[in-house]
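Before any comments, here is the structure.
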Amino acid sequence: MTASIAKIVKSFRITWKVRKDMASRAKRPCAYPGCPELVSSGYCTKHMKHSSEYRRGTAHKRGYNYKWSQYSKWFLKQPGNHLCTLKISPRCAYVSECVDHRIPPKGPDDPLFWNKDNHQPACIACNSMKGNRV
């Protein structure tokens with residue numbers, strides 16, 4: 001019995017060593033038109049600035065930090081902010097889950113970012129649908 005287990009373990013180790021050395025995926029050309037640089041996915045380091053993730057920035061860089069998180073929780077607890085005001089998605093939850101900007105701010109330094117009159121309660125589904133339409 002132990003000899004057969006030892007064979008299985010030895011077989012597993014050999015298989016693992018072979019798989020560890022194998023490439024996981026073939027590299028493909030950079031997504032920038034005409035760039036021959038081979039990459040795992042997306043853009044090469046020279047053209048990374050053309051990717052949408054790079055241009056948009058992280059949520060933190062766009063102003064959605066700890067301060068926003070605390071404000072958002074407070075805003076949704078206020079009377080009248082419990083229901084989704086958008087109701088544009090067929091998947092609308094009717095219960096507000098996030099704070100939506102009526103007019104999208106240009107960044108965290110934009111006065112519209114913290115203007116309470118520019119905020120409305122929304123569910124995630126409706127907020128996502130609105131973001132995709134704009």
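The values are calculated or read from the model by the stated rules, or taken from the named source; none is laboratory data. Just so it is clear, the structure is predicted and the values come from calculations on it, not from any experiment. Using ideal geometry, Cβ is built from the backbone for each residue, glycine included, and neighbour counts are taken over all protein chains shown.
Quick notes on this one:
- Among residues that are within 30 Å of Tyr32 (Cβ to Cβ) and surrounded by 12 or more Cβ atoms within 10 Å (Cβ to Cβ), Pro121 is not included.
Each row is one residue, and each column tells you yes or no for (1) in contact with a Ser or Thr (Cβ under 8 Å, 6 or more places away or on another chain); (2) closer than 30 Å to Ala31 by Cβ.
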| residue | (1), (2) |
| --- | --- |
| Tyr64 | no, yes |
| Trp74 | no, no |
| Asp109 | no, no |
| Pro121 | yes, no |
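- Scoring Phe113 on the criteria (1) surrounded by 15 or more Cβ atoms within 10 Å (Cβ to Cβ); (2) part of a loop (DSSP other than H, G, I, E, B) leaves a single failure, condition (2).
- Taken over the stretch 42-73, the criterion of being at pLDDT below 85, among the polar types (S, T, N, Q) and assigned to a loop (DSSP other than H, G, I, E, B) is satisfied by Ser51, Thr58.
Every residue, every condition in (1) surrounded by fewer than 16 Cβ atoms within 10 Å (Cβ to Cβ); (2) within 15 Å of Phe113 (Cβ to Cβ); (3) of a type in the set (Ser, Thr, Tyr), yes or no:
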| position | (1), (2), (3) |
| --- | --- |
| Ala59 | yes, yes, no |
| Lys67 | yes, yes, no |
| Tyr71 | yes, yes, yes |
| Trp74 | yes, no, no |
| Gln78 | yes, no, no |
| Cys84 | no, no, no |
| Ser89 | no, no, yes |
| Ala93 | yes, no, no |
| Val99 | no, yes, no |
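- Verdict on Ser128 being free of Cβ contacts under 8 Å to residues at least 40 places away in the same chain, assigned to a helix (DSSP H, G or I), surrounded by fewer than 13 Cβ atoms within 10 Å (Cβ to Cβ) and within 20 Å of the chain's Cα centre (by Cα): no
- Yes/no for Ala93 being of a type in the set (Gly, Ala, Ser), more than 20 Å from Tyr66 (Cβ to Cβ) and out of contact with any strand residue (DSSP E or B) (no Cβ under 8 Å at 6 or more places or on another chain): yes
- Contact map, the stretch 44-56: residues that are assigned by TED's automatic domain parsing to the domain that holds Arg28 and within 15 Å of Pro33 (Cβ to Cβ) paired with residues that are modelled with pLDDT under 85 and loosely packed, with under 10 Cβ neighbours inside 10 Å, Cβ distance under 9 Å, separation 6+ or inter-chain. Pairs shown: Lys49/Arg55.
- Filtering the stretch 95-116 to residues that are more than 21 Å from the chain's Cα centre (by Cα) and closer than 19 Å to Lys73 by Cβ leaves Val95, Trp114, Asn115, Lys116.
- Only one of Cys35, Cys30 that is buried (at least 16 other Cβ atoms within 10 Å of the Cβ) and either β-branched (Val, Ile, Thr) or modelled with pLDDT of 90 or more (or both): Cys30
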